[in-house]
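For reference, the structure discussed in these notes is given below.
The values are calculated or read from the model by the stated rules, or taken from the named source; none is laboratory data. Treat the numbers as computed from the prediction; the structure is a model and nothing was measured. Every residue, glycine among them, receives a Cβ derived from its backbone with ideal geometry; neighbour counts consider all protein chains shown. Ligands, DNA and RNA are excluded from the accessible area calculation, which covers all protein heavy atoms including side chains. Shrake-Rupley method; radii C 1.70, N 1.55, O 1.52, S 1.80 Å.
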Amino acid sequence: MSIYKEITLNGIWKQNPGVVQLLGLCPTLAVTTSVVNGVSLGLATVLVMAAANGTISPVRKYVPNEIRVPVFILVIAALVTVIDLSINAFAHPLHKVLGIFIPLIVVNCIVLARVESFAAKNAPIQSILDGFMMGIGLTMVLGLLGGMRELVGKGTLFSGLDLVFGPAAKNFVLTIIPDYHGFLLAVLPPGAFLGLGILIAARNWMEIRNKAKSADEHTTTSPLQPALHP
């Protein structure tokens, strides 16, 4: 398996930050009241992670070990500030909804962990891909969790799309359950914990099933051992 394929598979499935490493749970649980909120924060994290890894990797050999963590945090903080100001400028309503969770990307364990464990030890292209795929894996979890909570809690999908693309985007909001009065638990913090637990259980079940299937195929296709003769 090539290194790039392995990095992609790790970010999306094997080491998914949201359902395997369980990093950055605070924004994962707090922001995912809708698909739009979850995906928006996820994409912001993708940009920060890819840019941070791509920035740290070329200078990793020139940063003394004694100050590497402060340097990493300073770089991440600068990138997050750019993203924060950009969202505030071009999607101000969305910025008001996401609020403090955009600046909190600076101290998100996912970003610092990938910079420390991967970008500080690998080449720039591989590091950028690692940050990008880890961010995409997190975005998928945020989107799925937000979709589950929004559907059960409000009966809609893509509500709040106008926060990103303007008032005309309200026409693209899907009403899955008409005349739905809502289920408050889904959009409250306990609903976030329950939804994330369901995603973790589903991922673990699929992993166990795939391993069992691979073991069965290996047993079926393996050649028979020759009989031993005295």
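The table below lists the values:
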quantity: Fraction of accessible area attributable to carbon and sulfur, the chain (%, probe 1.4 Å); calculated: 70
quantity: Residue 3-residue 86 pseudo-label distance in nm [points 7 Å out on the Cα-to-Cβ vector]; calculated: 2.7
quantity: Cα gyration tensor, segment 121-208 - rounded (a/c under 1.5), prolate or oblate; calculated: oblate
quantity: Whole-Å distance, taken between Cα centres, linking segment 40-78 and segment 126-166; calculated: 23
quantity: Point-to-point label distance, residue 177-residue 218, nm (Cα→Cβ direction, 7 Å offset); calculated: 4.3
quantity: Cα centre as origin, Lys/Arg/Asp/Glu Cβ charges: the chain dipole, Debye; calculated: 220
quantity: Residue list for segment 69-101, given a label point 7 angstrom along the Cα-to-Cβ vector of residue 116 and an amide N cut-off under 16 Å; calculated: 69-77
quantity: Spatially proximal lysines relative to residue 96 (Cα-Cα < 28 Å; intrachain offsets below 8 disregarded); calculated: 154, 170
quantity: For the chain: accessible area per residue (Å², 1.4 Å); calculated: 56
quantity: Segment 75-191, dipole about Cα centre (Lys/Arg Cβ +1, Asp/Glu Cβ -1), debye to the nearest 20; calculated: 40
quantity: Extension gain (nm, one decimal) between residue 59 and residue 21, 0.36 nm per residue minus Cα-Cα; calculated: 11.0 nm
quantity: Rounded, prolate or oblate (a/c below 1.5 giving rounded, otherwise prolate when a/b exceeds b/c) for segment 1-131 by Cα gyration tensor; calculated: oblate
quantity: Tensor-based shape of the chain (alpha-carbon gyration tensor, a/c under 1.5 rounded, otherwise prolate or oblate); calculated: oblate
quantity: Cβ charges +1 (Lys, Arg) and -1 (Asp, Glu), total dipole of segment 128-230, debye; calculated: 100
quantity: The chain: most fluctuating residue of 196, 41, 85 per GNM, C-alpha cutoff 10 Å; calculated: 85
quantity: Highest-MSF residue in the chain out of 39, 82, 152 [GNM, Cα springs under 10 Å]; calculated: 82
quantity: ³J(HN,Hα), Karplus 6.51/-1.76/1.60, whole Hz, each residue of segment 19-24, x for Gly, Pro; calculated: 10, 10, 7, 6, 9, x
quantity: Sites excluded, chymotrypsin sites (Phe, Trp or Tyr not before Pro) in DSSP loops with at most 16 other C-beta within 10 Å, longest stretch of the chain; calculated: 1-179
quantity: Fluctuation leader among 195, 135, 182 - the chain, Gaussian network, Cα springs under 10 angstrom; calculated: 182
